[in-house]
Amino acid sequence: MSNFVFETTPRIVCEDGAAARLGQFARELGARRVLVVTDRGLVEAGVVRPALEGLDAAGVEAVLFSDVLADPPEAAVETAVAAARAAGAEAVIGLGGGSSMDTAKLVALLACAKQGLPEIYGIGLAKGPRLPLIQVPTTAGTGSEVTPIAIVTTPTDEKKGVVSPLLYPDLAVLDATLTLGLPAAVTAATGIDAMVHAIEAYTSKHKKNPVSDSLALRALRLLSENMRAVVKDGTDLAARRAMLQGSLLAGMAFANAPVGAVHALAYPLGGRFHVPHGLSNALVLAPVLEFNLPAAETLYAELYEAVAPAAPKRTSNLAARDFIETMAGLVADMPMAQRLREVGVTEADLPDLAKDAMNVQRLLVNNPREVAYEDALAIYGVVL
């Protein structure tokens, strides 16, 4: 067994209705005034209400910042940082999907740090200190509540990441009741995102380790067993809870064994065409799996056992092929766009997308098979 380091969020609470206890959790972290970072849609849908009521009941003053934008732009993050400073926030609570939680991470860091956002893009450049941070996911997808990563959209529409152990929150709160109102399309896209995290963590060329492997396999099984159920019936609390736990485990896995070409090719779709991240991953998943097959056959065969545990034993080649077909079939069954042209991409856009993807070397180096510009171009072409 190779040497490895495994890190994750130090405390996780998985409990239906736990959002009502956020005041208690904030006080345990020494905070009496907090900034709640979320988006307007969740406020209007009433999803944020249990959190605000719980904070008030515990005597914790909550200042609401609900201007989070999808694929958070630099300017929106800086606005949130200014709001935290103006409020005198003693802690930050991120409540929402990946964009809200990523914004909350950066707010907690930058509200009391001397560095600016452009200075900390990359790995290990953030110096801290940061405010206490609690993350509350309302989607089963990004796993951001257990990752040290925040993704930002730059003014040039490039996706850049801040990667630092400082971004692990102090506490992750999983409350499945907060996910009950999620639309089927969002449920599907975020669920595929979580499955990609598990797949790419398991096949990562760098930092693959037995802890992440175990988490990825368990995550993929939970997610694959419950995806169709939550898309069909969004009120199925048991299935929602299983999806949330699967997303968490996948997040823990890829935080330590990083993702590869699926994410690298998905990011330009978000940056240039503002395609939601989960949908971007879903669009390129099957062709990337096909491309990786020569280098990942054995690993894909092992993953097939997670998504089809009752299937008869097959040869490695057949099991790996069945895995790719199973994932492609799952995506095809989801209520989402299936081709790039459906999200506004034309053939003329493909060279720029491929160029952008090649700039995401921090992820491409983790892919089990080396990806060249021509490969990226061909993968986009397959799904156009």
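The values are calculated or read from the model by the stated rules, or taken from the named source; none is laboratory data. Fair warning: this is a prediction, and the values are worked out from it, not measured in the lab. Reconstructed Cβ throughout: ideal geometry from the backbone, glycine too, with neighbour counts over all protein chains shown. Remember, those area values only see protein heavy atoms, side chains included, never the ligands or the DNA or RNA. Shrake-Rupley method; radii C 1.70, N 1.55, O 1.52, S 1.80 Å.
All C-alpha pair distances within the chain, sorted into 20 Å bins from zero, spread as 31, 59, 10, 0 percent across the bins.
By DSSP, the beta bridges lying fully in region 93-210 are antiparallel in about 40 percent of cases. Between region 37-65 and region 205-279, the alpha-carbon centres lie 26 Å apart.
In units of the rule-of-thumb radius 2.2 N^0.38 Å, region 161-272 shows an alpha carbon radius of gyration of 1.08.
Other residues whose C-beta falls under 10 angstrom from the C-beta of Gly271 contribute a net charge of -1, scoring Lys and Arg +1 and Asp and Glu -1.
Here's the picture: charge each Lys and Arg Cβ at +1 and each Asp and Glu Cβ at -1 in the chain, and of Ser224, Pro155, Asn3 the one pushed furthest to the positive end of that dipole is Asn3.
May I have the convex hull volume per residue, in Å³, for the Cα set of region 1-157?
Numbers: hull volume 21.2 nm³, N = 157.
Value for region 1-157: 135 Å³ per residue.
Ranked by the mean number of other Cβ atoms within 10 Å of their residues, highest first, the peptides 250-256, 108-114, 274-280 come out as 250-256, 274-280, 108-114. A straight Cα-to-Cα reach below 16 Å connects Lys207 with the aspartates and glutamates Glu7, residues fewer than 8 places away in its own chain not being considered.
In this Cβ point-charge picture (+1 for Lys and Arg, -1 for Asp and Glu), region 281-384 has a dipole of about 180 debye about its Cα centre. For region 273-287, backbone phi angles converted through the Karplus equation (6.51, -1.76, 1.60; θ = phi - 60°) give residue-by-residue couplings of 10, 6, 6, x, 4, x, 5, 4, 4, 4, 5, 9, 4, 4, x Hz, Gly and Pro being listed as x. I need to check one value: relative contact order of region 268-384, counting alpha carbon pairs closer than 8 Å and at least 6 residues apart, in percent. This gives 33 percent for region 268-384.
Dividing the Cα radius of gyration of region 104-159 by its Kirkwood radius returns 0.97 for Rg/Rh. Dipole size of the chain about its Cα centre, with +1 on Lys/Arg Cβ and -1 on Asp/Glu Cβ: approximately 680 debye, rounded to the nearest 20.
Taken along the Cα-to-beta-carbon direction at a fixed 7 Å, the label points for Ala332 and Ile123 span 3.7 nm.
In the chain, which longest range has no GluC sites (Glu not before Pro) that are both DSSP loop (not H, G, I, E or B) and surrounded by at most 15 other Cβ atoms within 10 Å? Mind dumping the intermediate values first?
Values: sites that count: Glu7, Glu15, Glu370.
So the longest stretch without any such site is 16-369.
In this view, the solvent-accessible surface of Asp16, computed with a 1.4 Å probe and all protein chains in place, comes to about 60 Å². Residue-wise HN-Hα couplings along region 130-136, as the Karplus relation 6.51 cos²θ - 1.76 cosθ + 1.60 with θ = phi - 60° gives them from phi, are 9, 6, x, 9, 10, 10, 10 Hz; Gly and Pro carry x. Note on Val5 and Ala308: the model spin-label points, each 7 Å out from Cα along the C-beta direction, lie 4.0 nm apart. Mean sequence separation of contacting Cα pairs (under 8 Å, at least six apart), scaled by the length of the chain, corresponds to a relative contact order of 15 percent. Averaging over all projection directions, the Cα-based convex hull of region 107-233 occupies 9.2 nm² in the image plane. The phi torsions of region 207-217, fed into the Karplus equation with coefficients 6.51, -1.76 and 1.60 and a -60° offset, translate into couplings of 6, 4, 8, x, 5, 4, 4, 4, 5, 5, 5 Hz, rounded to whole numbers, with Gly and Pro shown as x. Taking amide H atoms as placed 1.01 Å from N in the peptide plane, the amide H of Asp67 lies under 5 Å from those of Thr38, each 5 or more residues away in sequence or on another chain.
In deg cm²/dmol, rounded to 500, what helix-only [θ] at 222 nm does the chain give when every DSSP H run of at least 4 residues adds -39500 (n - 2.57) and the total is split over its residues?
Numbers: 14 runs with 196 residues, N = 384.
Dividing the helical sum by the residues of the chain leaves -16500 deg cm²/dmol.
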